[in-house]
Amino acid sequence: MRPRAWCGVLAAVALSATACGGGESKKSDDAGAAANAKTGFPVSVSDCSGAKTTFDAAPKRIVTSNAAALELLMWLGAGDKVAGTGFPPGKGTVPQQFADRAAKVPVLGKKVIPKEKLLGSGADLYVDSFSSMKNMGGMGMAPTAEEFKGAGISHVYLKSTACASMSKAARTDLSGVEADIEELGRVTGTSARAAELVAGMRKKTDAVRDALKDVPEAKRPSYFFFDYDAGTKQPMAVCNRQVANAVITQAGARNVFGDCAGDFKPVDWESVVAKNPDWIQLGVRNRGSEEANRKAFDEAADFLRTFPATKDLKAVKEGHFLRIGSERTTIGGVRSADTVREIAHTVHPDRVK
């Protein structure tokens, strides 16, 4: 059927008031398609289980689960859209250039954001570093997918951290973290900035890799991430799906619990003693000030020096402690590459300057 005859049929049955007569609708559709192509939308992303969410435009009001997600949005240039956060950044947590702005972000929860506050926040996007609020000691259950939808909130994950326990392979580099940055860049309409950030990270990690390329695996020092805040009665190991394993491995060290699949696993002190690590990172979470952080690091070191099971460990006797905050190691972000370089410089000082 010729186009003109087809238009006559449509008009006759009243299926379209604009299909015939010309190109106004087509021009409008073409203009919309061109605008979407220019901005990169629509964008589809998946959650930990593979379920997809599609964005037709960049979000206007964002809530973040914690300081790490907040910081990432600031790196991307979307910090002005953040309307609230949980686990707010303490003093010195975020880079200095973001500190004043981060301090002004409304705190919806000192830890996990209560369900009712999150759903009533007016946000159109929630950026989540945690796979489950219950796992983070939250107040109440996490909102269901239906509840997020009912509140008009799209829910996206920083999958390198949130989905770590579901990963099918060990994490030995920062590719998962880089993918998070690129994906959030697409969602917020800041893809160009995301590409710059990832390029900068790769420049740092590539330099470390090149400096250590001729150091065989067996010669790389063993490394224990001591999660002091998880408790001292039973140590918590970081396993090979956790971001920390990627950071430690790229830094040229061997995670002593890199043979356990998953993200975290409770172990016993006998297992730590059997590993007898060359280096121990004092994994302390931010206390809100430099003085409080220094005190916490001192407490962690003193525990290892005085606890009967650990006082004779090689790393303890030699004072081989790294004072690097827990969040910088276990939650992926732009500064994960800096953590790689800092660890590498400490354990390979002659190679990584």
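The values are calculated or read from the model by the stated rules, or taken from the named source; none is laboratory data. Since the model is a prediction, treat every value here as computed from it, not as a measurement. For neighbour counting, all protein chains shown are included, and Cβ atoms are generated from backbone atoms with ideal geometry for every residue, glycine included. Side chains included, ligands, DNA and RNA excluded: accessible areas come from the protein's heavy atoms. Shrake-Rupley method; radii C 1.70, N 1.55, O 1.52, S 1.80 Å.
Details
- Restricting 76, 70, 119 to those that are surrounded by 14 or more Cβ atoms within 10 Å (Cβ to Cβ), in contact with a Ser or Thr (Cβ under 6 Å, 6 or more places away or on another chain) and over 27 Å from residue 229 (Cβ atoms) reduces the list to 76.
- Residue list for the range 268-295, filter: modelled with pLDDT of 95 or more and more than 16 Å from residue 224 (Cα to Cα): 294, 295
- Checking each residue in the range 143-168 for being open to solvent by 40 Å² or more (accessible area, probe 1.4 Å) and either modelled with pLDDT under 95 or part of a helix (DSSP H, G or I) (or both) picks out 144, 145, 146, 147, 149, 150, 159, 165, 166, 168.
- Residues that are surrounded by fewer than 17 Cβ atoms within 10 Å (Cβ to Cβ) and either under 28 Å from residue 293 (Cβ atoms) or modelled with pLDDT under 95 (or both), drawn from the range 122-142: 132, 134, 135, 136, 137, 139, 140, 141
- Subset of the range 187-207 (residues that are crowded, with 21+ Cβ neighbours inside 10 Å and farther than 30 Å from residue 153 by Cβ): 205
- Among the residues making up the range 92-114, those that are surrounded by 16 or more Cβ atoms within 10 Å (Cβ to Cβ) and more than 23 Å from residue 184 (Cα to Cα) are 92, 114.
- Single residue of the range 297-333 satisfying the filter (among the aromatic types (Phe, Trp, Tyr) and more than 29 Å from the chain's Cα centre (by Cα)) that is surrounded by the fewest Cβ atoms within 10 Å (Cβ to Cβ): 307
- Residue pairs whose Cβ atoms lie under 7 Å apart, sitting 6 or more positions apart in sequence or on different chains, and linking a residue in the range 211-234 that is more than 30 Å from residue 296 (Cβ to Cβ) to a partner that is open to solvent by less than 30 Å² (accessible area, probe 1.4 Å) and assigned to a loop (DSSP other than H, G, I, E, B), are 211/352; 212/252; 212/348; 215/252.
- Residue within the range 170-187 that is of a type in the set (A, V, I, L, M, F, W, C), without any contact (Cβ under 8 Å) to a residue 40 or more places away in the chain, within 30 Å of residue 348 (Cβ to Cβ) and in a loop (DSSP other than H, G, I, E, B) present: no
- Subset of the range 270-296 that is of a type in the set (S, T, N, Q) and farther than 17 Å from residue 322 by Cα - its residue that is farthest from the chain's Cα centre (by Cα): 271
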